[in-house]
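The structure appears below as structure tokens.
Read the figures in this text as sums done on the coordinates, not as results from a lab. Keep in mind the model is a prediction, meaning the values are calculated, not measured. We place every Cβ from the backbone using ideal geometry, glycine too, and count neighbours over all the protein chains shown.
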Amino acid sequence: MRHKQAPKREIAPDPKYGNITVAKFINYVMRGGKKTVAQKIIYGAFDIIAEKTKQDPRDVFDNAFKNLQPTVEVKSKRVGGANYQIPIPVRGERRLALAFRWLIAATNAKKGRPMAQKLAEELIAAANNEGEAIKKKMDVHRMADANRAFAHFAR
């Protein structure tokens with residue numbers, strides 16, 4: 001690397017629940033700097049979750065992301081003229097980032113309903129170990145498992 005690494009910024013906890021993970025997720029959902037819109041979407045989804053499941057929405061949220069976080073992923077590496085998919089363990093920060101990304105992608109893939117409603121349904125499904133985002137995680141794990149033979153190429 002030519003330059004020194006940018007310092008990690010501390011994210012302030014979200015205003016309603018005081019949770020840093022929720023604040024990070026709000027930042028992921030946010031588009032075009034519209035943070036209040038992202039907060040309305042997430043807090044709306046939390047209200048729907050509380051109404052549907054009769055549980056604390058933060059518990060459902062935490063459980064969903066615990067289920068969504070991958071432990072291994074594959075990385076391409078060129079060895080002797082051939083590309084191999086090498087399974088590697090996932091760092092903590094990247095785990096959360098991938099889980100956020102997969103959940104938002106699964107939510108955006110659904111059409112015809114408000115974002116808060118789609119997000120609430122996907123969070124509930126992820127908390128119950130089902131849904132599109134969990135399917136994506138399982139695909140990544142399956143891919144890593146299938147390529148376990150190439151693990152010795154990892155540095």
> Near the amide H of Lys75, under 5 Å away, which other amide H atoms are found, from residues 5 or more places off or on another chain, if H is placed in the peptide plane?
Replying inline: Ile86, Ile88
> Percent relative contact order of the chain, based on C-alpha pairs within less than 8 angstrom and at least six residues apart?
Replying inline: 25
>> Could you tell me how far the Cα centroid of segment 78-155 sits from the Cα centroid of segment 15-48, in Å?
In response: 22
> Could you give the angle, 0 to 90 degrees to the nearest 10, between helix 57-68's Cα long axis and the longest principal axis of the Cα atoms of the chain?
Replying inline: 10
> From Cα coordinates alone, what are the radius of gyration and Dmax values for the chain in angstrom?
Replying inline: 17.8, 57
>> What do you get for the angle between helix 132-146 and the principal long axis of the chain? Use alpha-carbon atoms, 0 to 90 degrees, nearest ten.
In response: 10
> In degrees between 0 and 90, to the nearest 10, how far off the longest principal axis of the chain does helix 92-109 point, with axes built from Cα atoms?
Replying inline: 60
> Order of Lys16, Lys4, Lys24, Lys118 from fewest to most other C-beta atoms within 10 Å?
Replying inline: Lys4, Lys16, Lys24, Lys118
>> Counting only helical runs of four or more DSSP H residues, what would the 222 nm mean residue ellipticity of the chain come to if each run contributes -39,500 (n - 2.57) and the total is spread over all its residues?
In response: -18000 deg cm²/dmol
